[in-house]
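Any read-out appearing in this document is the output of simple, stated calculations on the displayed coordinates, not a laboratory observation. Note that the structure is predicted; figures quoted are calculated from it, not measured. Cβ coordinates were reconstructed from backbone atoms using ideal geometry, including for glycine residues, and neighbour counts include every protein chain displayed.
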Amino acid sequence: MSFFTSANLDTAREIVSRYPVPRSALIPLLHLAQEQHGWITSEAMRQIADLCDVTAAEVKGTGSFYEMFKFHPVGSYLINVCTNISCMLLGGEELLGHAQQRLGVKTGGTTDDGMFTLEDVECIAACTEAPCLQVNYRYRLRVTNDEFDEMIDDIRSGRVDDLPQHGTLARVRQRIPSDRLAGIVPPSAAREAPVWLQRNETAADAADPVVG
Amino acid sequence: MATNDYVAHAPGYVDNEGPKIVSERFNHPDSFTLARFEATGGYEGLRAALAKRPADVHDEVRSATVLGRGGAGFPAGVKWGFLPPQKFPYYLVVNGDESEPGTYKDRLLMERDPHQLIEGCLITCYALGLTQCFLYVRGEMALAQERIANALNEAYEAGYVGRNILDTDFSVDIVLTWGAGAYIVGEETALIESLEGNRGMPRLKPPYFPAAIGLYGQPTIVNNVETLANIGWLMVNGAEQYRSYGSEASPGTRLFAVSGHVRRPGVYEVEHGVTTFRELIYGENFCQGIRDGHDLKMFIPGGGSAPWFFEEHLDLPLEAGPVGAAGSMLGSGAIVVMDDTTDAVKATLRVVRFFARESCGKCTPCREGTTWEERILQRILDGEGRHSDIDMLLDVGDNISPGPYPVAANPTEGLDAVPFPPKQTTICPLGPSSVAPIVSTIRRFRHEYEAKITRRDSIPVRAEVLQ
């Protein structure tokens, strides 16, 4: 039984084909699994192992290093409050404290209704707009306690439309048309220099004309 | 396309006066589209490069002295020269795993002007004969991934990327890939490990540069996003024009993110090497000073890994040499300003906790040491500190980066004058970075530490007493 839906399985195979070594697709495929299911199951890891030509243990070994991958169910909305230095200076820790109270969970916890998981996160590169947070990896900047409450209310009542399900990152996928593909170059292939480097053999002022 | 509904750019970038190289398009609402890029001179740099011999493109970058913008400040043209001859295939890996505390420029470059980055990648691949490019974006940056995916799709469609680019013999694929939440992956060999599908742990050195042995064991160039964003402009305008901005040793411009207790925090494009910290923090054109009614206490000049600076350092120029000689580093262009309300111990703890959490665990001094540092600082802050704790902090730090911690100005010039980075007992600089804020604040604000320490040392139990 396939974990991936047939559309996602096609996507997965396409992703694998872009790397010179299948194992390189391991992290992208874990993201794909999380996008489909919200978290990463054993079935997902076994199928990724097959696709990447590694063992399921290796998939877990790599995946467990990265904090974005969840190996247990999390809320539909993952809230990451930044408490790193720039945010701390302007109230990041207080915001996290307020979030804990409002949601009634500790950092790392999920609300009973399965809607929200709260985490504190290290610097998410919005330091000039402190304190900041991300909901399913979408930014909310210069967040006050009231704005936080408002955001929670809006999400609960379905008034927010820029937030995809947890696990979905980019909503646009890279597509390479097959007639435009330059060709994946495996490391083992004994190769000549790329053809355009032959231009170095020509005189400096007689380079190939460019069709623009 | 979902991303082409032109929602207003999130705040952050401040369009100050001064020459612009990489942020020229930032304020256009459609700055990330191919149409806008082409309408504003986009891919002209690629055309200019393709009209030259690859070696001449490399020479142009070398003579412009484009310093790496990832943190180490190593000249890109020189790094490119480390590729061993005839060991094909070569790869290009773009480091977009921006996660140094306070740093926030690559995200803007990727979200607002992805084509500029793609153009830089293409020119680099052309110049060096690199046959595939991997664009590695930080996992948390969903919008940046979306914008780059969209831009790549546009660029493939229009014939700028892929097979026979602009109908020439030049062909290269750019593959967008992304991380999953690990600061250490910003270290270039850890990034390569991650790209190979492994845990993101730095590789043992030497070789010091992946140009020798990189992705899949092949020669690999790893460049920062901002570094590559400069290359297209450079091809159009030339090295001489590039060198007309900034200083002799640090030409061009640079994005600086200034955050913390300033009136107008933001990301500014600044002339490299000539602007001083004082101008950037207090200048009307920039951050306009410390927030009302307060004075500067300290600032971090180059991201979380850099030793901290104080008032007497304000007149240093934003240039690697002088900042290094003064005992810190310009790093990734992140300045965090702290005013007189800041608790030095608490701020130190926050930065140290970051390194403790982000240590990959490969080297014992870092894995154990950063945790020790965090716990000692936490107990001092909690009023549970002991008098011996200050020495213990320094001692733990000494086990991660041994020897006297560099501060003194060095009379010599150039890279030799830079006492940073310090000696280290670890493979990468993450562990030693945790020592930077500790030494900086203990040296300056020892009294704040002492004021928090209320408990007596535990009574030493001597071995002979037990016998």
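In whole percent, what relative contact order does chain B give with Cα contacts below 8 Å and a gap of six or more residues?
On the way: 954 pairs, mean separation 72.1, N = 467.
This gives 15 percent for chain B.
Provide A:Val54, B:Val323 in ascending order of the number of other Cβ atoms located within 10 Å of each residue's Cβ, fewest first. Don't skip to the end; give the middle numbers.
Numbers: A:Val54 17, B:Val323 25.
Ranking A:Val54, B:Val323 by Cβ neighbours within 10 Å, fewest first, gives A:Val54, B:Val323.
Are there trypsin sites (Lys or Arg not before Pro) in the range B:41-97 that DSSP puts in a loop and that have at most 15 other Cβ atoms within 10 Å, and which ones?
Working: sites: B:Arg47, B:Lys52, B:Arg62, B:Arg69, B:Lys79, B:Lys87; in loops: B:Lys52, B:Arg69, B:Lys87.
The qualifying sites are B:Lys87.
Scan chain A and hand back the longest stretch that contains none of the trypsin sites (Lys or Arg not before Pro) lying in DSSP loops with at most 14 other Cβ atoms within 10 Å. Walk me through the intermediate numbers first.
Working: sites that count: A:Lys106, A:Arg142, A:Arg159, A:Arg175.
Longest site-free region, per DSSP loop and neighbour criteria: A:1-105.
For B:His9, B:His447, A:His166, what ranking results if the residue with the fewest other Cβ atoms within 10 Å of its Cβ goes first?
Working: B:His9 16, B:His447 9, A:His166 21.
Ordered by Cβ neighbours within 10 Å, fewest first: B:His447, B:His9, A:His166.
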key: Two-site FRET efficiency, B:Glu312 against B:Lys205, from Cβ-Cβ distance with R₀ of 30 Å, rounded to 0.05   = 0.30
On Cα atoms only, tilt of B:344-358 relative to the major axis of chain B in degrees = 60 degrees
key: lysines whose Cα lies under 30 Å from that of B:Lys79, excluding same-chain neighbours fewer than 8 positions away   = B:Lys20, B:Lys52, B:Lys87, B:Lys105, B:Lys205, B:Lys362, B:Lys423
note = With A:Thr128 itself left out, Lys, Arg at +1 and Asp, Glu at -1 over residues whose Cβ is under 10 Å from its Cβ give +1
request  = Answer with one residue from B:Ala127, B:Val94, B:Asn16: the one whose Cα lies farthest towards the positive end of the charge dipole of the range B:1-157, charges on Cβ with Lys, Arg +1 and Asp, Glu -1.
outcome  = B:Ala127
ask   = Taking Cα pairs under 8 Å and at least six residues apart, what relative contact order does chain A come out at, in percent?
value = 19 percent
message = Straight-line reach only, C-alpha to C-alpha below 20 angstrom: list the lysines that A:Lys70 could link to, leaving out same-chain residues fewer than 8 apart.
response = A:Lys60, A:Lys106
note = Unpartnered Cys in chain A, judged by a 4.7 Å Cβ-Cβ cut-off, are A:Cys52, A:Cys123, A:Cys127, A:Cys132
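With charges only on Cβ, +1 for K and R and -1 for D and E, what is the dipole size of chain B about its Cα centre, in debye, rounded to 20?
Values: 43 positive and 60 negative charges, 211 e Å.
Approximately 1020 debye in magnitude.
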ask   = Label A:Arg191 and A:Arg173 with points 7 Å out from Cα along Cα→Cβ: what is the distance between them in nm?
value = 2.5 nm
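Given the convex hull over the Cα atoms of chain B, what projected area results after averaging over all orientations, in nm²? Can you show the working numbers first?
Working: hull surface 97.4 nm².
Averaged projected area of chain B's Cα convex hull equals 24.3 nm².
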query = Where the only charges are on Cβ atoms (+1 Lys, Arg; -1 Asp, Glu), what is the dipole of the protein assembly as shown about its Cα centre, to the nearest 20 debye?
reply = 1260 debye
note = Bounding extents of the range B:2-243 in its principal axis frame from Cα atoms, largest first in Å, are 45, 40, 34
task = Two decimals is fine: what is log10 I(q)/I(0) at q = 0.05, 0.08, 0.10 Å⁻¹ for the protein assembly as shown, from a Debye sum with one equal scatterer on every Cα and no solvent?
result = -0.23, -0.59, -0.94
ask   = Taking only the alpha-carbon positions of the range A:138-195 and ignoring solvent, what does the Debye formula give for the base-10 log of I(q)/I(0) at q = 0.22 Å⁻¹?
value = -1.02
inquiry  = Once the cut-off is 19 Å, how many percent of the Cα-Cα pairs in the range A:77-156 end up in the long-distance tail?
reply    = 24 percent
request  = For B:Gly162, enumerate residues with amide H under 5 Å from its amide H, sequence gap 5+ or separate chain, H modeled in the peptide plane.
outcome  = B:Val172, B:Ile174
ask   = Mind checking the angle between helix B:54-64 and chain B's longest principal axis? C-alpha axes, 0 to 90 degrees, to the nearest 10.
value = 40 degrees
query = Hey, rough spin-label estimate for B:Ala158 and B:Ala212, points 7 angstrom out along Cα→Cβ, what's it come to in nanometres?
reply = 4.1 nm
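Looking at the range B:246-325, which chymotrypsin sites (Phe, Trp or Tyr not before Pro) are in a loop (DSSP not H, G, I, E or B) and have at most 16 other Cβ atoms within 10 Å? Walk me through the numbers on the way to the answer.
Values: sites: B:Phe256, B:Tyr268, B:Phe277, B:Tyr282, B:Phe286, B:Phe299, B:Trp308, B:Phe309, B:Phe310; in loops: B:Phe286, B:Trp308, B:Phe310.
Those that pass, being in a loop and sparsely packed, are B:Phe310.
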task = Please check chain B for the longest run free of GluC sites (Glu not before Pro) that are loop-located per DSSP (anything but H, G, I, E, B) and have at most 12 other Cβ atoms within 10 Å.
result = B:18-247
ask   = If the chain between B:Arg263 and B:Ala35 were fully stretched, how many nm would it gain, using 0.36 nm times the residue separation less the Cα-Cα distance?
value = 78.5 nm
task = In vacuum, with every alpha carbon of the range B:253-331 counted as one equal point scatterer, what does the Debye formula give for log10 I(q)/I(0) at q = 0.11, 0.16, 0.23 Å⁻¹? Two decimals, please.
result = -0.24, -0.52, -1.14
task = Sequence neighbours fewer than 8 away in the same chain don't count; with that in mind, list the lysines whose C-alpha is under 21 Å from B:Lys346.
result = B:Lys297, B:Lys452
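Go ahead and run the numbers for FRET between A:Glu150 and B:Glu284, Cβ-Cβ distance against an R0 of 25 Å, rounding to 0.05.
On the way: r = 35 Å, r/R0 = 1.40.
So the FRET efficiency works out to roughly 0.10.
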Rounded to whole Hz, the Karplus (6.51, -1.76, 1.60) HN-Hα couplings of the range B:110-119, x for glycine and proline = 7, 6, 9, 9, x, 5, 4, 5, 4, 4
note = The answer for A:Val121, listing residues at least 5 apart or on another chain whose modeled amide H is closer than 5 Å to its amide H, is A:Val81, A:Cys82, A:Thr83
key: Relative contact order of the range B:2-243, defined on C-alpha pairs under 8 angstrom at six or more residues apart (%)   = 28 percent
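Let's see if you can work this out: charge +1 on each Lys and Arg Cβ, -1 on each Asp and Glu Cβ, no other charges. What is the dipole magnitude of chain A about its Cα centre, in debye to the nearest 20?
Numbers: 19 positive and 29 negative charges, 119 e Å.
It comes to approximately 580 debye.
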inquiry  = To make sure I understand, if each residue's beta carbon is the centre and we count other beta carbons within 10 Å, what order do B:Ile123, B:Ile390, A:Ile124 fall in, fewest to most?
reply    = B:Ile390, A:Ile124, B:Ile123
Where labels lie 7 Å past Cα in the beta-carbon direction, separation of A:Arg102 and A:Met1 in nm = 3.9 nm
query = From the square roots a ≥ b ≥ c of the eigenvalues of the alpha-carbon gyration tensor of the range A:6-63, which class results: rounded (a/c under 1.5), prolate (a/b over b/c), or oblate?
reply = oblate
query = Can you give the helix-only mean residue ellipticity at 222 nm for chain B, where every DSSP H stretch with n ≥ 4 adds -39500 (n - 2.57) and the sum goes over all residues, rounded to the nearest 500 deg cm²/dmol?
reply = -11500 deg cm²/dmol
key: Amide H within-cut-off set for B:Asp97, under 5 Å, with H built and near neighbours excluded   = B:Arg138
key: Computed Kirkwood radius, in angstrom, where 1/r is averaged over Cα pairs of the range A:110-167   = 12.4 Å
